[in-house]
Amino acid sequence: MSISADRDQIKQAVKDAADIVQVIGEHVELRRVSSRFIGRCPFHNEKTPSFSVNPQGQFFHCFGCGEHGDVFSFVMKYHHMDFPEALTQLARKFGIDLPERQLSASERAALHRRELLYRVNEEAVLVFQRCLSHPRWGKTARAYLKQRGVPTAISERYRLGYAPDPGEAGWSYLIDQLAALDLAVEVVEQAGLAVRNERGGHYDRFRSRVMFPIKDMTGRVVAFGGRILGDGQPKYMNSPESPIFEKNRLLFGLQQHRQAIRQARHALVVEGNFDLLSLAVHGIDNVVAPLGTALTRHHIRSLRGYCNEVVLVFDADAAGLKAAMRCIPFLLAERMDGKVALLPAGHDPDSFVREKGATAVTALVGGALPLPEFAFDTLVREHGLTLSGKNHIVGELQQLLAQAIDPELRELMAAHFSEKLGVSPGYFKGLTAPAVQRPQTVIGRSVEGRGVMAKRDRQLVDFLLLHPEYYCQLHEAGMEQVITHPLAMAIVAHVGRLANNGCRQPEELLADLENEAVREYIVHLLTTMPSLAGDEEDEEVQQLVAELCRWVQMEQQRRDGTELQERIAEAERQGDTERLMALLQEKQDLKRKKAHFFI
């Protein structure tokens, strides 16, 4: 596709072609709510979804942290890219021909450096794959994979390879292969695949290892993990960090397994690459593995976009227990539900699934302990329930509870632990969330104000918030004259101010909004509305606006009639015959007008 050289036109062409729901939906589990999509924000920790994606306006907005923007903003923030990289990635994804000359010299240079790193890694994958299939060099690696129960189909799916033994291929085999493709050794070194020696030369970082390509969430290879063949050390080794690779943010298998994780609604976390492969061989795909590090908050935040729960599947030895305990504060801090499934003694996930089968793994995961129970049981086994033991347990639980951001969960866990230990909840005093004092005014009660609004007032306000473009039509029908609830009046006034300035989307109503009650009401509404689809929604919106205008007019007539009756009664009490006759005539006119309204 040929695009005009004008930069703004290029940006707009890419933006028009990019489906923001598709782009964000690859990283955040979205569900349709009315005319928009809702999910849990990938940029801050939250339990209740407050992240809204508007396909009509092609923008996103988080009602929790305030993060918002278009498809470029999302890609830049989520993948830690600058604008030229985001533009290039989206153009590639949606088939837009992007003229490179539109980038500045510095932008082109930065983009070129990163593209070279991606290319080095992709070419390295092909080199390692050829070495794995080499009749002589790859023989030992193929035998090892077979012995570990990894069939050829799995090797191909995960693009496994082999970094050859230097005794057979030399110490710079990969470097030489990449040099033949005009990839300089300095770039190979920056990608983490070459190491500089004391004499200024270079040698291959990975040697005699089964190689695991590591992908980012765009599907591009950014690094490698290697498992030594033989008795060398370290047993597992990963690429060092580079401009395109941060190991505390990526998880092995997440890019390949994200759909399976979404379907299962929970992710299994294992410690090793072969653990993940063996589970995948047995049909269990909702699995990820950290890259030689403990699970981090960034990892959990990445998983939160695809599932509601994390199950740690670890060994039951001291190292496994310690690793599981280290993860708990991060799960609590990120408001992610978590469980721990401990394997039988002597087993890791790889050996367990190969010996017992997938059914046994499913049963093990089904019996996993919730985080609080696992933490408590682990501390009891470590310290005992003597007076001294309880003192140690309380101290460690206090530190654990302090990580729980959700005040309700913190209070519940404190009460639970207090009961199990047989101690006063006062031992955890200061860790529970303080009671929130709510103002006594109706507006101060924010979302709770929905409950005390009249049904029609609530329907009118909700419709107006979801469809601010109909403000003028409802205003002309007399909307402001029929609503009396303070919160409803504040909302209508706010919508009116913005509608007069061209507001057309619900999320725009949050701009420059100081009234916290109105803000909370809008957020609550936009994240809880039921789903309608396409034509059904358009048809229903037209029916609703007509019905609401009709109700506004009827309600105004009803109130006019009530007021008129009071004036008639007052004229009768005063014996004012002339005024009484005029009011009775007015009443007849009102009746005819009402009768005409129903024709």
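The values are calculated or read from the model by the stated rules, or taken from the named source; none is laboratory data. What you are looking at is a predicted structure, and each value in this text was computed from that prediction instead of being measured. Every residue, glycine among them, receives a Cβ derived from its backbone with ideal geometry; neighbour counts consider all protein chains shown. Calculation scope for accessible area: heavy atoms of the full protein, side chains included, ligands and nucleic acids excluded. Shrake-Rupley method; radii C 1.70, N 1.55, O 1.52, S 1.80 Å.
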Q. Quick check, is Leu291 assigned to a helix (DSSP H, G or I) and at pLDDT 90 or above?
A. no
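Conditions (1) modelled with pLDDT of 95 or more; (2) closer than 30 Å to Asn308 by Cβ, marked per residue:
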{"residue": "Ala179", "(1), (2)": "yes, no"}
{"residue": "Glu189", "(1), (2)": "yes, no"}
{"residue": "Ser208", "(1), (2)": "yes, no"}
{"residue": "Pro213", "(1), (2)": "yes, yes"}
{"residue": "Gly219", "(1), (2)": "no, yes"}
{"residue": "Gly225", "(1), (2)": "yes, yes"}
{"residue": "Gly232", "(1), (2)": "no, no"}
Q.
Looking at segment 318-345 only, could you name the residues that are assigned to a loop (DSSP other than H, G, I, E, B) and surrounded by fewer than 16 Cβ atoms within 10 Å (Cβ to Cβ)?
A. Pro344, Ala345
Q) Among the residues of segment 365-378, how many are among the aliphatic types (A, V, I, L, M) and either assigned to a helix (DSSP H, G or I) or without any contact (Cβ under 8 Å) to a residue 12 or more places away in the chain (or both)? A) 3
Q. Got at least one residue in segment 574-585 being modelled with pLDDT under 70, more than 60 Å from the chain's Cα centre (by Cα) and in a helix (DSSP H, G or I)?
A. yes
Q: Provide a single number: the residues in segment 143-162 that are touching a strand residue (DSSP E or B) at 6+ places or on another chain (Cβ under 8 Å) and more than 21 Å from Gln256 (Cβ to Cβ).
A: 1
Q | Extreme residue, farthest from Gln256 (Cα to Cα), among residues of segment 9-33 that are crowded, with 19+ Cβ neighbours inside 10 Å and among the small types (Gly, Ala, Ser) | A | Ala13
Q. Considering segment 207-226 alone, what residues qualify as being without any contact (Cβ under 8 Å) to a residue 60 or more places away in the chain and open to solvent by less than 30 Å² (accessible area, probe 1.4 Å)?
A. Ser208, Arg209, Gly219
Q: Name the residue, out of Val269, Val313, that is in contact with an Asp or Glu (Cβ under 9 Å, 6 or more places away or on another chain), β-branched (Val, Ile, Thr) and modelled with pLDDT of 85 or more.
A: Val313
(Q) I'm trying to understand the selection: among the residues of segment 252-307, which are under 21 Å from the mean Cα position of the chain (by Cα) and charged (D, E, K, R)? (A) Arg258, Arg262, Arg265, Asp285, Arg297, Arg301, Arg304
Q: Search segment 346-364 for residues that are assigned to a helix (DSSP H, G or I) and pair each with any residue that is open to solvent by 30 Å² or more (accessible area, probe 1.4 Å) and not acidic (Asp, Glu) when their beta-carbon atoms are under 6 Å apart and the residues are at least 6 apart or on different chains.
A: Val353/His282; Arg354/Gly149; Ala358/His282; Ala358/Gly283
Q. Given Gln259, Gln255, which one is open to solvent by 10 Å² or more (accessible area, probe 1.4 Å) and free of Cβ contacts under 8 Å to residues at least 12 places away in the same chain?
A. Gln259
Q: Please note which helices (runs of 4 or more DSSP H) are completely contained in segment 81-194 and include at least 2 residues that are more than 21 Å from Ile244 (Cα to Cα) and either without any contact (Cβ under 8 Å) to a residue 60 or more places away in the chain or under 34 Å from the mean Cα position of the chain (by Cα) (or both).
A: 105-133, 139-147, 152-157, 166-169, 173-179
